[in-house]
1. Considering only 124, 231, 201, give the residue with the highest GNM mean-square fluctuation for the chain, with springs between Cα atoms whenever their separation is below 10 Å.
2. What is region 7-239's relative contact order, in percent, from Cα pairs under 8 angstrom and six or more apart in sequence?
3. Using alpha-carbon positions, what is the distance between the centroids of region 61-100 and region 216-270, in Å?
4. Equivalent ellipsoid semi-axes for region 1-137, as square roots of 5 times the alpha carbon gyration tensor eigenvalues: give them largest first, rounded to whole Å.
5. What residues of region 108-152 lie in the reach of a label at residue 100, counting those whose backbone N is under 16 Å from a point 7 Å from the Cα along Cα→Cβ?
6. Could you give me the radius of gyration and the Dmax of region 7-239, taking only the C-alpha atoms into account and expressing both in angstrom?
7. Expressed as a whole number of Å, what is the distance separating the alpha-carbon centroids of region 108-152 and region 194-208?
8. Return a whole-number percent for the relative contact order of region 114-200, with Cα pairs under 8 Å and 6 or more residues apart as the contact set.
Ligand code: KIV
């Protein structure tokens with residue numbers, strides 16, 4: 001990928017009916033892997049709470065943690081469209097605070113956009129961000145930051161009233177000017193219907209194949225959390241966690257038995273014979 005991905009590229013992809021790929025990444029190394037593999041959009045998700053910071057959900061992630069990881073991803077993937085995922089309580093307190101915090105992703109990290117969770121209830125914030133020139137990715141359906149309010153994670157939009165509300169949310173987000181919207185944990189028929197009804201690119205996770213694009217959490221995709229929980233919607237394409245544990249075990253054994261470092265991995269002060 002030698003060309004910088006912009007909001008214009010995303011609109012063109014949707015217009016051409018080409019799938020929009022998105023993957024999460026939280027550091028320069030995995031961001032570089034994603035970009036090398038041809039992933040045009042990288043989400044520095046607050047899923048970093050579960051996947052790399054060791055929290056049990058996304059709520060404890062701080063703005064400073066998110067900014068630090070977004071900067072690292074930017075450095076690793078200079079051409080990708082990098083999205084900073086605004087953590088819980090970084091945009092809900094006031095519009096002013098939301099603008100100040102969102103602006104830091106662009107000014108300090110070089111991000112291309114921010115993402116925040118919520119539908120019509122978040123419109124005043126989203127409208128203000130867009131007005132001041134901050135590209136926003138919406139996120140509706142299952143909202144991980146509302147896990148305590150919802151009492152867990154579940155499919156959203158199964159009941160007719162909830163489906164209708166989600167369609168209204170999607171239309172409102174589009175009107176507010178979001179550049180993309182994530183549809184998480186919604187029935188595939190509803191996700192396809194929303195995608196048909198809005199011109200804004202939709203990115204699904206746990207929402208079937210009918211959206212304009214897909215996003216996955218990199219730890220699920222690569223099996224980084226060996227033996228850990230994998231959600232129903234995720235597919236493991238590799239088991240890097242298991243490969244890593246096996247490699248580290250071998251290192252432990254070789255050092256323990258005095259096989260490493262050998263002469264090939266150390267230097268001598270003796271002249272070469
Ligand atoms: O934080 C995250 O990784 C996300 C995706 C699941 C969409 O919000």
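Quick note: the coordinates plus some simple rules give every number you see, no bench work behind them. All figures in this text were calculated on a predicted structure; none of them were measured in a lab. Ideal geometry is used to build each Cβ from the backbone, glycine not excepted, and the neighbour counts take in all protein chains shown.
1. 231
2. Working: 473 pairs, mean separation 39.1, N = 233.
This gives 17 percent for region 7-239.
3. Here the two parts' Cα centres lie 30 Å apart.
4. Details: eigenvalues 102, 73, 33 Å².
For region 1-137, the semi-axes come out at 23, 19, 13 Å.
5. 108, 129, by backbone N distance to the label point.
6. 16.1, 45
7. So the two Cα centres are separated by 16 Å.
8. Values: 127 pairs, mean separation 30.8, N = 87.
Relative contact order, region 114-200: 35 percent.
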